[in-house]
Amino acid sequence: MTGLRVFLWRLAGLFRKGSLERDMDEEIDFHLQMEIAENLRRGMTPQAARAAAHRRLGGVAQIKEAYRETHALPVLQVLWQDLRYGFRMLRRSPGFSLLAILCLTLGIGANAAVFSWIEGVLLRPFPLVAHQDRMMAMAGTNRGMPGHDDVSWPDFLDLQKNSTLFDAFIADKIMGTTLSIGDRAQVTTGSIVSANYFDALGVRPILGRGFEPAEDFGRNAHPVTVISYQMWKDRFHRDPAIVGKTQMLNGMPHTIVGVAPEGFYGTFVGWAMQFWVPASMQERFSGNVYKLEDRGAGWIEGFVRLKPGATAQRAQAEISALAGRLERDYPSTNRGRGIELYPLWRTPFNNAGTLLPTLSIALAVVVFVLLIACANVSNLLLVKAFGRRHEMTMRVALGAGRGRLLRQLLTEGVILASLAAAGGLAVAYRCRNLLMLLLPARGGNTMNLPGEIDWRVLALSVGVCFLTTLLFGLVPALQTSSIDMSCAMRAESGGVVGGRRRALLRSTLVVAQISLSFVLLVGASLLIESLRAIRSTNPGFSTSNTLTTWVDLIAAGYDLPRARDFQDELVDRLQSHAGVESVALVRIPPFAYKSYSSARIAVDGYEPSPDEQPTVDYDEVGPAYFATLGIPLRSGREFTRADNETAPPVAVVNEAMVAQYWHGQDPVGRRLQVKGRWLRVAGVAKMSKYRNLLEASRPFFYVPVRQGALGGSLIIRTSLGPQTMLKILVREIQTLDRNLAPGELITMQEQVDRTTSAQRVAVAFLCTFGGLALLLAAIGLYGVMSYAVSQSRRELGLRMALGAAASDILRLVISQGLVLTIAGIVLGAGVALGLARLLGYLLYKVSPRDPLAFGLALVVMTLTALAACFLPAWRATRTDPVGALRD
Amino acid sequence: VVSVANEKAGVLHGSLALMVLRTLDTLGPLHGWGIARRIEQISGDALALNQGTLYPALLRLQQMGWITAKWGASEHNRRARFYAITRAGKKQLAKEAAAWDRISSILARFAKPAGESS
């Protein structure tokens, strides 16, 4: 209590310095006047009275000093003194300060940026959504099959009804519609959501309302939509009376019932949703397939919010128990099915899962860069401390405490780090949208992956700042504080006694830098090799001379028969063009960012194990699809126009399916049951990749477009370029319907490349930072070697006087540098061998111990080291032996 | 017993604090010079107080919350700072006085030559 009062009193004193001084003067003056008056009364002469009064009181200056001391907070004042002194020192050597601050800004900025990405993409990915710490993602699983599956609506409702540990179950499904009909059609992303969506997320629409519970039910019964702030702003020009107006969506007028607040993007990492419709509209927005009453048809990518205090384990246990009950109650649809909860950062169905490995690598990389930057600044400070040893010795000699010196040096460190932290946060702020640039637009829409700089990121960055200060500041500070007076005084006369240890320390720092950079180099070359391996992987279809695009007929309000006629007509018109080899319809082209339909299947002669429920992905493809994409048929035939609604249903299966369900025997002519309907196998297609280059070979089959759901994509085999083809396409489409426009038209190569974006981001990241680390290490090595050369002038001079040639000197210096480099590389190789596992699934067909990658890193590192040593070595050969010996 | 001397070791003499508090307790609000004069008078001028040390001591007593200071007019109508004892100060004074009594009685026993011989 008393301590606190004294502290506050003194703290207040700091801010009232002027008035305190005046009060003190006045009080002392009053005292003197009284004493003089008293002395005069006693009969002294005015002069004697004055002298006596002063004598009684004592030295005014001392009293004031004692008074001030009592009044002051010594800690703060000393700190202030240190700060001022620190700033003066930094201003005195602007080059050093700038370099140090730049190094640290880079280190801290990179860390803050990655923190903000992790926060904004993985930890709290949904701006404006309440209690994200209790949110988990929910997806279905199939026993014995890797990956995740969507949840069906009946299952979702049962889980919601029977669970006890959850505040909310949220159904969500990303979908797209085409809105800007002009010269080019633009995909607009939206979500089908359960009616509780906005309430459960704690997001209040700024105009109108969210959805009402009744809007979950009734087949296509509630054509209402909540639009995003951005759509309200861009498309409706902030119309304040927007609520109640209608907007055509997928051929049906929808009443706009609400506008979401600014900054709410929905709940799909990577995309900004533009509108939301309630679950009752599912059929209209997912391929005209009604799924709300089909327990076997999954479409929901769900989220749950746990009740406060419920743990993830208990929640999972309850969900698993409920899923087990569903499996028993509905064996025909739910056999082998489970439900799994994931923390948001491992969400399997959005970009969080894709970016997780990349971001964890990024985190490791920036920590490395920070360490290297710290080592560099440490080194710079050591050089500077050497220049300041005279000053330090003087201060010790004049009675400065060791603690005080240490504090002074650390204060300078704090100043450097604070300036760097400010710069670093600015860097992070600028870079918060960088991830978006690294990941390409898909389907013509740019991604939405903003970093989030909130108080947690700020706190962590400040923490990093202080940690770095300790890291880079403490080493030189401790060394300086252990100044041996007599030794330092002697060192003034040119000895090198004190220099030995310092040189050792600096060499250690450089070795550390080199080893850290080497680790990054190994990581970068491993990823480059892996990317090369990925790109040289054959997708199983032809990526040259093939283009893909889409025309959204559902959004334009076409019904099924009209759409089918339009598509056939368009294919015929395009095929008649010179230069166009063939054109094929497909619902979902390979490597598109959409999921294929999957179906329960049964095969004559294949007996599934009791808890196995054979489920296979499939796609609807048009006539000549395999020829157009260049996928060879192993046996049987392609689909033709004759495979239409009235013809007997057929399928083309892939080789993996033949191997699994027909034991490798040619199944052409055999039967395959899909969703209760029997199809006849018409052909066998060679294996190809379906979603990305990394996937393992999997069973897959194709059905004719006219016997399945409507699709809108085209594959065009042509020798024409995309630009020319687009012009033809626009012309042909608009001859058929003036109001229609095609979507983005890209080469299949581009389509494939877009799926390797995570790997490319990782490569870009490691290469950038590997390069920077290399530069920092080179600067460090250069500094150490320059210093060593300047310190051994006498020795060099002597060697030259004794007949050493320039080449000998060059070799001597460079070999010293190489010793450090080799030490660093050996150390770094050890660390790299241990850490390469971190690259995990990003490494494709490349061993984490790949000798080629290590070799490449070795060559780059050695060359850089040679370059860094060359200048000091060359300077060494220019030593004037006479001058050096005379000094 | 928390003594002033312990509280601010070595700088503020417990005795001086005791004297100031006692003076203010007896005479009521008083300015610095008045306090100094009073202490000298009570000690019969035997205590050659270096008056200057009084002011930092007064400040410290304020910081402890034992006295307060207020600007007012002196007997000759000059502006002067008047110090007054607070309730906490009175409590402290009682504590200090008791402690002092005990210490001085112990010391007095040691000081008596009779104690030595017996």
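Descriptive notes on the structure:
- A single member of A:G107, A:G86, A:G95 is touching a residue at least 60 places away in the same chain (Cβ under 8 Å), more than 29 Å from A:W345 (Cβ to Cβ) and part of a helix (DSSP H, G or I), and it is A:G86.
- Out of B:A36, B:A80, B:A69, sole residue that is of a type in the set (A, V, I, L, M), assigned to a strand (DSSP E or B) and facing chain A (nearest Cβ under 8 Å): B:A80
- All conditions but one from (1) assigned to a helix (DSSP H, G or I); (2) within 29 Å of the chain's Cα centre (by Cα); (3) touching a residue at least 12 places away in the same chain (Cβ under 8 Å) apply to A:V846; the one that does not is (1).
- Of A:G721, A:G743, all but one fail to be among the small types (G, A, S), over 29 Å from A:L672 (Cβ atoms) and without any contact (Cβ under 8 Å) to a residue 24 or more places away in the chain; the exception is A:G721.
- Region B:22-33, residues that are facing chain A (nearest Cβ under 10 Å) and either in a helix (DSSP H, G or I) or in contact with a Leu (Cβ under 9 Å, 6 or more places away or on another chain) (or both): B:G32, B:W33
- Of all the residues in region B:83-110, those that are in a helix (DSSP H, G or I) and within 13 Å of the chain's Cα centre (by Cα) number 9.
- The set of residues in region A:158-177 being outside any strand (DSSP E or B) and within 25 Å of A:T189 (Cα to Cα) consists of A:A171 alone.
- Test: residue in region A:95-103 that is within 14 Å of chain B (Cβ to nearest Cβ) and among the aromatic types (F, W, Y): no
- Residue identified as surrounded by 18 or more Cβ atoms within 10 Å (Cβ to Cβ), within 12 Å of chain A (Cβ to nearest Cβ), within 11 Å of the chain's Cα centre (by Cα) and modelled with pLDDT under 85 among B:L12, B:L16, B:L61: B:L12
- Screening A:R134, A:R143 for residues that are closer than 30 Å to A:L356 by Cβ, within 38 Å of the chain's Cα centre (by Cα) and modelled with pLDDT under 85 leaves exactly one candidate, A:R143.
- For B:Q92, the requirement of being within 12 Å of chain A (Cβ to nearest Cβ), in contact (Cβ under 8 Å) with a residue 60 or more places away in the chain and within 30 Å of A:V60 (Cβ to Cβ) is met.
- Strands (runs of 3 or more DSSP E) completely within region A:531-624 that count 1 or more residues being touching a helix residue (DSSP H, G or I) at 6+ places or on another chain (Cβ under 7 Å) and closer than 27 Å to A:L720 by Cα: A:546-550, A:580-586, A:615-621
- The residues listed here are A:E65, A:E38; of these, the one that is within 12 Å of chain B (Cβ to nearest Cβ) and within 23 Å of A:L11 (Cα to Cα) is A:E65.
- Of all residues in region A:223-237, those being in a loop (DSSP other than H, G, I, E, B) and basic (K, R) number 1.
- Pair list, Cβ under 7 Å, 6 or more apart: region A:637-654 residue farther than 15 Å from A:L585 by Cβ, other residue surrounded by fewer than 14 Cβ atoms within 10 Å (Cβ to Cβ): A:P649/A:R677
- Of the strands (runs of 3 or more DSSP E) lying entirely inside region A:644-725, those carrying at least 2 residues that are touching a Pro at 6+ places or on another chain (Cβ under 9 Å) are A:650-654, A:677-685, A:700-704, A:713-718.
Results for (1) modelled with pLDDT of 80 or more; (2) touching a Leu at 6+ places or on another chain (Cβ under 7 Å), shown as yes or no for each residue.
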site	(1), (2)
A:L478	no, no
A:S493	no, no
A:R532	yes, no
A:L547	yes, yes
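- Filtering A:S525, A:S598, A:S576 for residues that are among the hydroxyl-bearing types (S, T, Y), in contact with an Asp or Glu (Cβ under 9 Å, 6 or more places away or on another chain) and more than 24 Å from A:A659 (Cα to Cα) leaves a single hit, A:S525.
- Note on region A:51-62: residues that are more than 8 Å from chain B (Cβ to nearest Cβ) and surrounded by fewer than 19 Cβ atoms within 10 Å (Cβ to Cβ) amount to 5.
The values are calculated or read from the model by the stated rules, or taken from the named source; none is laboratory data. Computed from a predicted model, the values in this text were never measured in an experiment. Cβ atoms come from the backbone with ideal geometry, glycine included; neighbour counts cover every protein chain shown.
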